[in-house]
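Peer 1: Right, I'll just put the structure down here and ask away after.
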Amino acid sequence: MTDPLDHDTSAPAPPAKPAVDLGRRRFFRTFASEVVQAAATVAGAAQALQQASAEAASSLLDPESTVRGAAVSVEPKADLVSSGPAGFRTPFREDGGTIFLIDQRRLPDDLVEYPCKSAGEVGFAIREMIVRGAPAIGQVAALGLALSAEHMRDSRPYARKATIHGAANALINARPTAVNLRWAVERVMARYVEVGELSEDGDAIADAMRAEADTIIFEATTDHGRMATFGNAILPDPAERPVRILTHCNTGPLACGQYGTALGIVQAAHHAGRDVHVWVDETRPYLQGARLTAWELAQAGVPHTLLPDVAAGHLMASGEVDVVLVGADRVAANGDTANKVGTYPLAVLAARHGIPFYVCAPTSTVDLGSADGSAIPIEERKADEVLEFRGVRIAPPGTAVRNPAFDVTPAELITGIVTEEGVVKAPFETGLREASEQAAARWASTPAFRAVRAPAAETEPTAANG
């Protein structure tokens, strides 16, 4: 694949960053059409995906500016959006045994990469929301666990087992609501068990765990692309004006790895030439909408308007919202959905005003082991996220805080759940089970891939996996 930047390495670097061919930076088009479809039927496709992800990321993040072992600013503030639309981006890349994450805490002001060389560092990055979004943290956790196995290639079996199991537990508990995290870690661990936890062959263990991590990323890319296609088909088509989409939190590639879920549908519509306009909830208190979704949409050239969370009801009452698209961190068997706090009020408002409300989530986010939303653990985050704004205190000292990161939207308020197998409608339990089985069967029969998925049978939720 051609280097997305096409740098002239024979001449000294100019003082200003050179202009970038925007055609090469259209991640959705080039990545989807040239990489995923071609790679799906050949051996080594997951490795090709890893390389493609790194190259796509390097169109925004200059790897020559990256210094291992420290977070590095790779693009000046003034250039973040001013050069024009540049397309969506994957939030991570890998180079030389290091996972480089876009530090999402620093956007939109600074574009910074945060390097991780171990599962422990990945767990910290997940817990501190350096990387966030259920699908993305699942993929990054899988890579982090594979790194642990890589570091233990020459270790004794019992030491290797203790290290890998410790890393898996730390990753799973980094953010307990997002089911993709546990799902991905358990898939990689299943390959470890398959080879043999006490096997002397550290090379075979490391290779198998890495192959599974690569496969998880490849599957996510393909599944999210399929989901975007199904979602595009359910968008309203108003005459002579844009379809007006309200979204909450951040559900683009930053949160999902490649396409995105709800924003994946938006970008599919945009690149199909449809006239769209996105209402972006700011998403308090962490401002994922204002900081991240608005940044991604600006990068991709998608028309959008930022609004306070509390203004969504006014827009709905004024007839200015055609459809609500949100993501999910966990979908229970009956369709109850945990998503970023503030989603539930949107669903209530949408029902009040007769507006379609769609959850956009791959089957990896479906937890058939949780009968309903009451079984989903809700993460409570730090009080400072509410008490302060960028280090400035906005409440009196000693103020008590509740800061739930998620809420649960009851299934009866959901119009449909967009998955990679189609749009699931009520009764959700039957449809979600069928979609999960179809996805597993599709991947099990895909050339060069061997799916390792959790069985559909229900399991008792725990504090870690819900």
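Peer 1: Could you state the orientation-averaged shadow area of the convex hull built on the Cα atoms of segment 256-327, in nm² to one decimal?
Peer 2: Quarter of the Cα hull surface area: 4.9 nm².
Peer 1: Farthest toward the dipole's positive end in segment 226-444, which of T337, V280, P236, given Cβ charges of +1 (Lys, Arg) and -1 (Asp, Glu) about the Cα centre?
Peer 2: Working it through, the farthest residue towards the positive pole turns out to be V280.
Peer 1: How big is the C-alpha Rg of segment 117-200 next to the rule-of-thumb value 2.2 N^0.38 Å, as a ratio? Don't jump to the answer; show the numbers that get you there.
Peer 2: Details: Rg = 12.2 Å, N = 84, 2.2 N^0.38 = 11.8 Å.
Here the Cα radius of gyration is 1.03 times the empirical estimate.
Peer 1: Continuing with this model, one more query. Scattering from the C-alpha atoms of segment 226-444 alone, worked out with Debye: what is log10 I(q)/I(0) at q = 0.07, 0.09, 0.11, 0.19 1/Å?
Peer 2: Cα-only, vacuum Debye calculation for segment 226-444: -0.21, -0.35, -0.52, -1.46.
Here, each number is a calculation from the coordinates, and none is a lab measurement. As the structure is a computational prediction, the values presented were derived from the model and not from experiment. A quick note on method: Cβ atoms are made from the backbone with ideal geometry, for glycine too, and the neighbour counts reach across all protein chains shown.
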